[in-house]
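The structure appears below as C-alpha cells.
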Amino acid sequence: MKPFFSIIIPYHNSKDTIIPLLDSIAASKKLPPIEVIIVDDGSDEPFIVHRSWVPERKRRTTNYELRTIRLKANQGPAVARNRGAGAAKGKFLVFLDSDVRLFPDALHNLWNIYAEDPDIMAVTGVWVKNQKTKKFFPNFKALRDWSYWINERDKSGYYYLFSTRIASIKHDVFTRLGGFDEKYAGPLVEDIEFTYRVARRYAIIFAPNVRVHHEFEDFWPIAKKYFWRSYFWTKLYQKRKKFDPVATTFQEAVTALSGIGIVALSLFIPLLRVMRYEVRGVSGYLDIFFLVLLTSYLVTLLVHLFLVRKFLVFVYHEKGMVFAVKSFFMGLILYCFIAGGALWGRVR
C-alpha cells in the first residue's frame, strides 16, 4: 500500500534521541499508512536500527515501513531532508528533527487536517512547554516558545513558520518549490527561507494539536543559534524589507531594541556618574545629561515591561516570581545576542 505520510528525519550523531523518536512513531494511534526515512548525514558511526528495537507494531502490521539513507559526508539538515524527500513515496511529507518525540495523537490529528480539507497544502505543529530537566534555561526557552506561539499570539493573526521540529507539506508541492535551500550548511534559517517560498503561494496552517516533546539545550548552544539565525535572517530581511510572524514581528523587533537600550543605559549611566567626579568644569552639563539618560532609561524600561508583560505573567503563573524575574533578565541577555547577529549581518 502506498504510504500517506513519508516521515523524514535527518540524523547526525543523534543515537541518544533517535530511538525514543522511533518508539513514539510506533506508538502513534490510528495511523494511516506511513513510511519512515532516516537520512544519516555523515554520522561518525553509521545509523543502524537493531532488530531488537523493531516494535511489535511493525511486526504485525503492513502500514509501517522504515528505511535509511546514508550520506558519505555531513552536509547539513537541508541536504538531508531533500535527499529523504527525493526517495519518499508518500502523498505528504512530514519533517521531524531527530531529538523530538511525537504525542500519540499527533500523526492522526495531522491526517485529520488533510482529510477534512483537501485544499490544505502545508501544516506546522508545535513543541510543548514541558521539560524533563529542572534547569532554568531549558525551561525558560520552552516557556518562551510556548508563550510566543500559544499565549501571546493574536488569535486572528497568521503564524506560519514551517518549523521542521514537526511540519508537513504535500509531496508534489515540496518538489515543485525545489525543497530546502542547500547553501545553508547548518540548522540556521533554511526553514524560514523555505517558509517564505511556500507562503508566496499557499497557506501554512498552524495546528496546536500536532504536538511533539522537545528537550532544549542549555544557554550557550541556544545563544549561538540566536546569533547566527539573526545574522542570516537579517540578510533575508534586506531582500524582503518587511517583518513577519515567521521570524520577527515588528513588535518583537521593538521589544529587542528596548531590551538592548536597557542594557546599554544600565552600563553607561553608572559610568557617567563616575565621569562627573573625574572631569572638572563640565559637571553641570553632565548632571543634565545624566537626568536625560535616566529619564530615557525609565521610559525604555516601562516600554519593555509593557511589551513582555504577557510572557512575564505567563511564567509567573507557571513557575513563580523568582523564575519570572530571572526570565526578564535572561530575555535581555538573549536580545543582546540577537542584536549582535543582526548588526553583524548588516556589517557583512
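Assorted remarks:
- When we screen Val325, Val308, Val347 for residues that are modelled with pLDDT under 95 and among the β-branched types (Val, Ile, Thr), the only hit is Val347.
- Any hit, the range 25-32, residues being under 23 Å from Asn209 (Cβ atoms), at pLDDT below 95, surrounded by 15 or more Cβ atoms within 10 Å (Cβ to Cβ) and of a type in the set (Val, Ile, Thr): yes
- Here Tyr226, Tyr202, Tyr237 are screened, and the one residue that is under 17 Å from the mean Cα position of the chain (by Cα) and among the hydroxyl-bearing types (Ser, Thr, Tyr) is Tyr226.
- Per this entry, Ser258 is not counted among residues that are surrounded by 16 or more Cβ atoms within 10 Å (Cβ to Cβ), at pLDDT 90 or above and within 27 Å of Phe194 (Cβ to Cβ).
- Subset of the range 128-145 (residues that are surrounded by fewer than 20 Cβ atoms within 10 Å (Cβ to Cβ) and touching a Lys or Arg at 6+ places or on another chain (Cβ under 7 Å)): Val128, Phe136
- Count - residues of the range 148-204 that are in a helix (DSSP H, G or I) and either out of contact with any Gly (no Cβ under 9 Å at 6 or more places or on another chain) or more than 21 Å from Arg81 (Cα to Cα) (or both): 16
- Selection count where residues are assigned to a loop (DSSP other than H, G, I, E, B) and crowded, with 16+ Cβ neighbours inside 10 Å, scope the range 292-332: 1
The values are calculated or read from the model by the stated rules, or taken from the named source; none is laboratory data. This structure is a prediction, so every number in the text was calculated from the model and none was measured. Glycine also receives a Cβ, built like all others from the backbone with ideal geometry; neighbour counts cover every protein chain displayed.
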